[in-house]
1. Of all residues in region 222-273 being of a type in the set (Phe, Trp, Tyr), in a helix (DSSP H, G or I) and out of contact with any Pro (no Cβ under 9 Å at 6 or more places or on another chain), which is surrounded by the fewest Cβ atoms within 10 Å (Cβ to Cβ)?
2. Please work out if VAL192 is out of contact with any Ser or Thr (no Cβ under 7 Å at 6 or more places or on another chain), at pLDDT below 90 and within 16 Å of LEU293 (Cβ to Cβ).
3. Of all residues in region 53-79, which are crowded, with 16+ Cβ neighbours inside 10 Å and in contact with a Phe, Trp or Tyr (Cβ under 8 Å, 6 or more places away or on another chain)?
4. Consider ALA194 carefully, then state whether it is over 25 Å from the mean Cα position of the chain (by Cα), of a type outside the set (Ser, Thr, Tyr) and either outside any loop (DSSP other than H, G, I, E, B) or under 22 Å from LEU95 (Cα atoms) (or both).
5. Pull up region 122-150, narrow it to residues that are without any contact (Cβ under 8 Å) to a residue 12 or more places away in the chain and of a type in the set (Gly, Ala, Ser), then point me to the one that is surrounded by the most Cβ atoms within 10 Å (Cβ to Cβ).
6. Which ones in region 80-106 are touching a helix residue (DSSP H, G or I) at 6+ places or on another chain (Cβ under 7 Å), of a type outside the set (Phe, Trp, Tyr) and surrounded by fewer than 20 Cβ atoms within 10 Å (Cβ to Cβ)?
7. Please state which one of THR223, THR243 is closer than 24 Å to THR113 by Cα and modelled with pLDDT under 90.
Amino acid sequence: MTPPALLGLAVADPLPDIMQHTPPRRGLMGLARRNVPASIGAVLLIVLTGIALFAPWLGTVDPLAISPTLRARVPSAEHWFGTDMLGRDIYSRVLYGARVSLFVGFAVAVLATAIGAAIGMTAGYVRWADSPIMRLMDAIMSIPSILLAIALVALTRPSVGNVILAIAVAEIPRVARLLRGVVLSLRELAYVEAAVSTGSSSAKVIWRHIVPNTIAPVIVQATYICASAMIVEATLSFIGAGTPASIPSWGNIMADGRALWQVKPHIVLIPAVFLSVTVLAVNMVGDGLRDALDPRMAKTV
């Protein structure tokens, strides 16, 4: 038979639900309200990505179609952004050019981040590999990124793939240096040293304790690399060392219009505005991710 004291405990009020006292989770709408610029950047980036993906269904024509009788026309109802010196529709070329810029930016960000993170993590965790790896990274960083990209593209034939590789090589050292610094600080933490002292393998320590704490800075750095890659690609195409002329990109559209800059500035200004807005949107998203993922920055948001 149950003692009265225990029976009283059994029918007593249950313990308060500790979940009722936990702070509410931050939803997407909450983050959007707290960081309006990042939300605006995300919306702009989504719109520009949609423009790039659905360019064939947005009233465009063949961006390579030449019409000598329509050359250098001003914007009109027939040609919303006018035509270039060969009579090609600038509206169509700008929309199709968004595909090249966004693809190059995202591809360089993924490639440079993946390789740079692996190199930086190796240099930060493996003590004997730190010095030779970082001296090589310093040597690459000593060359301006645009000059290094021009040199690498000059060694190969112009193509989108070669442009991506050339820009990624110039961005890898920046990611490597960032990850090396993060790993060096994490390696000295008590829980990492405890894991090592208990006999955990290096692979287990890296994947369980190091990698999760490097995701936030890597993601933020990737957004800045994406924006930088778009600018470098446009610069390479503008000087004729990037995307082939047969592929419309914002850089070679501006290059085609520089000869008519004084009389038809819209040929240069329109793709330049699209490039500026895209880079601004990516940077705004990057700033928002930094504020959301960095606890020190989150306190000020």
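1. TYR224
2. Against the criterion (out of contact with any Ser or Thr (no Cβ under 7 Å at 6 or more places or on another chain), at pLDDT below 90 and within 16 Å of LEU293 (Cβ to Cβ)), VAL192 does not qualify.
3. ALA55, THR60, PRO63, HIS79
4. Details: over 25 Å from the mean Cα position of the chain (by Cα): yes; of a type outside the set (Ser, Thr, Tyr): yes; either outside any loop (DSSP other than H, G, I, E, B) or under 22 Å from LEU95 (Cα atoms) (or both): yes.
In short, yes.
5. ALA129
6. Those that are touching a helix residue (DSSP H, G or I) at 6+ places or on another chain (Cβ under 7 Å), of a type outside the set (Phe, Trp, Tyr) and surrounded by fewer than 20 Cβ atoms within 10 Å (Cβ to Cβ): MET85, GLY87, ARG99.
7. THR243
The values are calculated or read from the model by the stated rules, or taken from the named source; none is laboratory data. Bear in mind that the values here come from a model prediction, so they are computed numbers and not experimental data. Virtual Cβ from ideal backbone geometry, glycine too; neighbours counted across all protein chains shown.
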